[in-house]
Every structure is written in structure tokens, then in C-alpha cells.
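Presented below is the structure to which this report refers.
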Amino acid sequence: MAASGKIQKVRLNAPIADSDIAALEIGQVVYLDGLIYTGREGVYNRVLAEGKAPPVDLKTLTNVNFHCSPAAAKDTDGSFRVGAVTATASFRFSKWLPRWFAETGCKVIIGKGGMSSSDYQSAFVPAGAIYLTTVGYGTGALLGRGIKKVEAAHWLDELGVAQAMWVLRVENFGPLLVESDLQGRSLFEENNAEVNDKIAKLYDGLKAPSLSRYGETDDKTKELI
Amino acid sequence: MIPISTVEAAAYDAMCKAAIEIPDDYLTGLKALVATEQGDLSHFVLEAMLENYEAAKADRRAMCADTGVPRYYVKSGNEAVIEGGFVAIEEALRSACARATHDVPLRPNRVHPLSRHDNNNNVGLNAPEIEYSFEPDTDWIEITTVHKGGLFGTDYRMLFPADGVDGIKRFFLDAIIAFGKRGLACQPAIIGIGLGGSKDTCMVLGKQAACLRAVGEANPDPEVAKLEAELKDLGNSVGMGAMGFVGSSMVVDCHIECGFTHTGGMPISIHAFCLSSRRATARIYANGSVQLRSEPNWFTPYMRRNEISWPQVEKSKKSA
């Protein structure tokens, strides 16, 4: 049996201070208190492609952007009930992030699956930003418990429940794993490297199919993202 | 006659149960993997998932906020009579899906593929899907709901007879490795494989194998069962665990379903269910009573029949 107790846990306030971000190491577990907001394709497209001002001043609000859509329902009194919360795969948002960091002061992305290390080197490291990945996936009920209040749901009519910008007050919100640090190291890629060493052997003795397929790559050590 | 309101309520209850409660058979299978997991990070992730299942049940929250694509499987006894017939059943299932989406709440995931319009209730064009099967010599009807993730972990390939088990293993490894990295397949999962059939049947059988068979339930054909066990072990020896971290927890179980196929081909499909394996079944008896459970028992002997005729069973075995 493995010793998951060896894994270090830290609790931080959001917005997260630069000194806290600098101290984080990949593989640590983080729990958050404070304010975070959701933003994914719909929000990025509206702000960065259509040029609309964000519905709230993100620079003063918080520096934590969550790639997520909550399972939320509007009750008859107009309030929101959030049940479960699970992140969505982040690699799809790669092209938006350099400008998002520059224009909003965002320093922390929470999402699913991380980004590529070239994204970390080209966008995250220059912006002093890091990536926290949700766990599982997904610990929807645990993260849902960590949401204490929906502070606002911006652009709900324009973008719908899944794509709206939700401003969330959180407490002991986690677990999240530090996937990238300020040097741009990636926990996923370091694990992949270890896994990749053994992959070729798995195919030993298995003859190739008689009809091949075209694909982006036939190198099994590569990721398809 | 089974009242249609009973069907709607049972479908609603099944949808809530599927979203909130981890099936016992999956949990047992997962715990067996946790006990042997040597990777620290993979082990930590699985411990967090176990805690998540408890939190979901205690708070009556969905286990996962990604609803996937909620759908239904209907198994109707040959003698079942339902108020309003099958058109009424389809309306009841769409209504139950919309109500559960609001009440649990579930994320309204279903959008038009081009306009991206969302009805905010997981109902729309061809959504939720409803598939049918029949059961001889009985008068109950079963409604199974499955919330399966929609984006990663599925593939199809036309193999040929000469490719044999080697071809199957290569295809299996290709998919496991491609979708296992960073945990995009939300592993460890039940892996379903459709083998044979026509192309669409191959996909349907594989998805049903992943979503509608309980962990530990082997295919009754010993040769197929042997391949299931081999593939499970192969998947867990890749070196990847939860979230693609170094480890050994990849496949909770492997299920294969076969269909007679073109004499020149061996089509294969693969489907990964997920760490939340959301499924639940409601059996509605002719007297209107309802029983909820988490094992679908979809693949009955009748479903896997190989002959032209199905023998009549004696009255004593009816409604077993």
C-alpha cells in the first residue's frame, strides 16, 4: 500500500499572494479560502475576441480563474443552489491564456488535466502564474461543499449556466494538486516520462494490425493534446 | 396496467440515485485496486474519491458536476402493459430527466452541436437517448439511467480476422495509453469492449458492456471471459494509475460483448466508464411497486441468444 500521507498539504487565501505562489511545489495539495471565479470558452471569447469589458474588475476581485461550470439551479427566490463542482479539461483554452493573464492579473488557473509544458514556459512562467489541477476526476461533491456562497453569476443570459462567469466564495476548497510551479515544471509530464519508459515493452510480441491507420502520431510516448 | 406517473417517478428516482450514489459493485472493485496501489499520488487521488462518494451521499449532492450525457435504457417485459404505451413512456423519461436536472441539481450539459443552444434541462434533439430491449415471459418494465462522460475514452477500429487477439490487445493498449494520460478517461474505470457486429452495433455493444454490466460479472462464454481477465490485467500493468500518475489502478473491470460480424472483419470498439460510474435501475412491477438497484442486469440470457427461437419457460419461473 502506498503512503498517500507523505503528500504535503497547504491552505491558502484567495486572492493568492505572490509569496504563497512562489513557495508552492509540484505534487503538493492545496485547499483555498476566499474568492475565485469561473471562466472558460464563452468568457474568453466574449472578453478577448469580442472585446467586451469583463463584468467585474477582475484585477481587484481575485487572481484565481477556475475552468469549471457548476451544477447549479436557480430557485424561485432567484438564489442559486450549487450542488457539485467539477473542472473541465484546460488544454482547450491554451490560446487565450497569455492575454488573459496580461489583462486580468490572473496568476492561478484551476482546472482539469493541466496544460503542456510549452504553455507553461511561454505563458505561465512570464506571467508568474501556476496551475492547480482538481483531483479524480472529479471530487464534485467535496468541491461543492467548499463553495459557501455564489457571490454573482455574470452573463448568465448571454452564455448559459455552463459558460457564465460564476464568482464563488469558498472555504477549505479542495483538494487541488500543484501541477505547475513558477519554473514551469509539470507534475503530469514528470509522471508521463516515468510511465513512457515502460510503454514500448507492453507491445513486445504483439503483431501490428494488417491495415494501418493515419493519425497525428504513431509515437505512443506522445500525448494527443 | 402500470400508471405512467409511476414510470415518471421511477425514472426520476433512478436518475437522482445514479448521480449521487456510487454503485456497490464498482466501489468494491475500486477498493481492491486501492489496496494494491503503490503510487503515492495515484493512491492519494483514490482516497480523495472515496471521501467524495461519502460526501455525495451525506449531502445528497451529485458525485461529479459533469453530468456527462444522461440517457435511458428500457427493458420491457413482453407482457408489460403501460398506460399510454411507448410514446407516453418517452415523454415520461424526458420529463424525469428535466426534473432531476433541476432538483439534484445536475449540470445542463446538452447543447445543439452547432448553435450551442442549451435548453438547460438535458433534454433536446435525440437527448436523452432511449434504447430498448425486451424480456420474455414477464410483465415488469425496467428503466435504467446512465450518466456517462461524453468526451474522452472511446474509440473504434476495423480489425481483420488475421489480426486476432494481438490486434485486440494493441487496440486496447492504444486507447488506454492515449486516454489514460493526465487521467482524461477518469480512470480507474470499467472498460467496455464491443467485438463484432456491424459498425453501429459494435459501438452500441461496447458502450453497453461498459455501462450495463456489474463489476465482477464475467461473460458466460469462457473464451470471452478469459480475454476479459487478460485485458484487465494488461490495463493494470501499463504503469499508470488515477489521473495518469505512476501506479497500477487503471481498469476496475473489463467487459466484452460480442455480435456476429462480417466474415471478413473483426470490428472493435472501446469505451471507458468513469470514477463515478453513474447508473441506476428501477424495476416497475405490474402492480405498480418499484424497486431501485444499481446493477442493470441488462445482458440477460435472452439478450445473448444465438438461435432462431427462444424456448418458453415454465410458469413457475415467471417474473424471476
Q | Point-to-point label distance, residue B:126-residue A:118, nm (Cα→Cβ direction, 7 Å offset) | A | 3.4
**Q.** Fluctuation leader among B:127, B:48, B:80 - chain B, Gaussian network, Cα springs under 10 angstrom
**A.** B:48
Q) For chain B, what class follows from the C-alpha gyration tensor (a ≥ b ≥ c being the square roots of its eigenvalues): rounded when a/c is under 1.5, otherwise prolate if a/b is larger than b/c, else oblate? A) oblate
(Q) Of the candidates B:251, B:123, B:290, which one comes out as most mobile in a Gaussian network treatment of chain B with C-alpha springs shorter than 10 Å? (A) B:290
Q. Between residue A:11 and residue B:225, what FRET efficiency follows from the Cβ-Cβ distance if R0 is 41 Å, with the result rounded to 0.05?
A. 0.25
Q. Rounded if a/c is under 1.5, else prolate if a/b beats b/c, else oblate: with a ≥ b ≥ c from the C-alpha gyration tensor eigenvalues square-rooted, which is the range A:155-225?
A. oblate
Q. Once Rh is set to the Kirkwood radius over Cα pairs, what Stokes-Einstein translational diffusion coefficient, in µm²/s, holds for the protein assembly as shown at a temperature of 37 °C and a viscosity of 0.692 mPa s?
A. 135
**Q.** Relative contact order of the range A:7-202, defined on C-alpha pairs under 8 angstrom at six or more residues apart (%)
**A.** 27
Q: Take the cross-link list A:9/A:201; A:222/B:232; A:95/A:222 and give me the ones stretching past 31 Å between alpha-carbons.
A: A:9/A:201
Q.
Tell me the net charge near residue A:180. Cut-off is 13 Å between Cβ atoms, residue A:180 excluded, with +1 for each Lys or Arg and -1 for each Asp or Glu.
A. -3
(Q) For peptide B:94-107, what's the mean number of Cβ atoms from other chains within 10 Å of each residue's Cβ? (A) 3
Q) Under the definition of partner shielding as Cβ atoms of other protein chains within 10 Å of a residue Cβ, what is the mean value for peptide B:167-176? A) 3
Q. How far apart, in nm, are two points set 7 Å out from the Cα along the Cα-to-Cβ line at residue B:90 and at residue B:310?
A. 2.2
(Q) I'd like the FRET efficiency for residue B:287 and residue A:19, computed as 1/(1 + (r/R0)^6) with the beta carbon distance as r and R0 of 51 Å, rounded to 0.05. (A) 0.15
(Q) From zero outward in steps of 5 Å, how is the percent of C-alpha pairs of chain A spread across the bins? (A) 1, 6, 13, 18, 18, 15, 10, 7, 5, 3, 2, 1, 0
Q. Taking chain B as a whole, which cysteines find no other cysteine Cβ under 4.7 angstrom from their Cβ?
A. B:16, B:64, B:97, B:202, B:211, B:254, B:258
(Q) If you take every DSSP beta bridge fully contained in the range B:150-273, what fraction is antiparallel? Give it as a percent rounded to 5. (A) 60
Q | Shape call, the range B:150-273: gyration tensor on alpha carbons, a/c limit 1.5 | A | prolate
Q: Tell me what the protein assembly as shown gives for mean residue ellipticity at 222 nm when only DSSP H runs of n ≥ 4 count, each as -39,500 (n - 2.57), the sum divided by the residue total, rounded to 500 deg cm²/dmol.
A: -9000 deg cm²/dmol
Q: State, as an integer percentage, the relative contact order of chain B based on alpha-carbon contacts under 8 Å between residues 6 or more apart.
A: 27
Q.
Under 20 Å between alpha carbons, and skipping anything fewer than 8 positions from residue A:149 in its own chain: which lysines qualify?
A. A:74
Q. Residues of A:198-209, mean number of Cβ from any other protein chain within 10 Å of their own Cβ, rounded to a whole number?
A. 5
Q: Based on the mean of other Cβ atoms within 10 Å per residue, sort peptides A:12-19, B:104-111 so the most packed one is first.
A: B:104-111, A:12-19
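Read the figures in this text as sums done on the coordinates, not as results from a lab. Keep in mind that this is a model prediction, so the values were computed, not measured. We place every Cβ from the backbone using ideal geometry, glycine too, and count neighbours over all the protein chains shown.
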